[in-house]
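Below is one structure, written out as structure tokens; comments come after it.
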Amino acid sequence: MRNQLILQLFSTFSPIVADVIQRYMAKNNGRVPNAEEMRVEFESNIDKYLDEGATWKASHPRA
Amino acid sequence: MKQFILVACLLLSSSCASQAPPNLTPGSEVRLWQANETAVALGTLQHVVIELNKVIVCPELPAIAPPCHPLVSDDNTRIVIDAVADGLTTLRRVPDGWRETGLAAIVRVENRLDAAGMGRIRVYVTAARAAITSITATP
């Protein structure tokens, strides 16, 4: 059970291997993102991860 | 054992997949791509740890073992979140330093987690480090 969970969570690393650019190209008829689009994705990812951490901390105050 | 096989697979596959596409303009576009890959590696590590923190395990012999507890403790989860948050904030400010920033966050996690926590998430820390080191410095 625990090993299955660990293996399942490991698969969440697959987007790194899949390559964000290739996923972008697949969604946009093979077009490569320009610098502005890449910056938007970068900022969006940072905000998403910071929010996830902040949400966890808000629901787990220090004892 | 399966975990280490998966790490090996990740190392082999990521070394091919993390090279910047050749049609990106050298300079800012490539650096943003590299910084973004680093952000995804750190963010994914954080996400996995938060998910493991939600898993509650109970000992088979409660009389001689601690009571039910998260698979990754709150303290260890907080250490990862703080290290990742500092890394992401630095990445946003200085995308050019993506490799140093990403690896520094990983080292901070390794140095501050207790032995139990490190034992639980070592495979994911290894995967995150592999993901960052496999990003090529030049397109």
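Values quoted throughout were computed directly from the atomic coordinates according to the rules given, and no laboratory measurement underlies them. Worth saying up front: this structure is predicted, and the values here are computed from it rather than measured. Every residue, glycine among them, receives a Cβ derived from its backbone with ideal geometry; neighbour counts consider all protein chains shown.
Neighbour counting of Cβ atoms within 10 Å sorts the residues B:Ser28, B:Ser73, B:Ser134, fewest neighbours leading, into B:Ser28, B:Ser73, B:Ser134. If Lys and Arg each add +1 and Asp and Glu each add -1, what is the summed charge of the other residues whose beta carbon sits under 12 Å from the beta carbon of B:Thr38? With Lys, Arg at +1 and Asp, Glu at -1, the net is +1. Counts of other chain beta carbons within 10 angstrom of each beta carbon in peptide B:110-116 average 0. Placing pseudo-labels 7 Å out from each Cα toward the beta carbon at B:Lys54 and A:Ala63 gives an inter-label distance of 2.3 nm. Sorting B:Arg112, B:Arg120 by the number of Cβ atoms found within 10 Å of their own Cβ, with the fewest placed first, yields B:Arg112, B:Arg120.
Averaged across A:53-60, how many Cβ atoms of other chains sit within 10 Å of each residue's Cβ atom?
Details: counts 14, 2, 2, 11, 6, 0, 0, 8.
For peptide A:53-60, the averaged partner shielding equals 5.
Set the Förster radius R0 to 25 Å, insert the Cβ-Cβ distance between A:Arg31 and B:Thr136 as r into 1/(1 + (r/R0)^6), and round the FRET efficiency to 0.05. In this case the efficiency is close to 0.65.
Please arrange B:Thr90, B:Thr101, A:Thr55 by how many other C-beta atoms lie within 10 Å of their C-beta, fewest to most. Present the calculation step by step, with values, prior to reporting the outcome.
Details: B:Thr90 17, B:Thr101 24, A:Thr55 12.
Exposure proxy ranking, most exposed first: A:Thr55, B:Thr90, B:Thr101.
Across peptide B:41-51, the mean count of Cβ atoms from other chains lying within 10 Å of each residue's own Cβ comes to 5.
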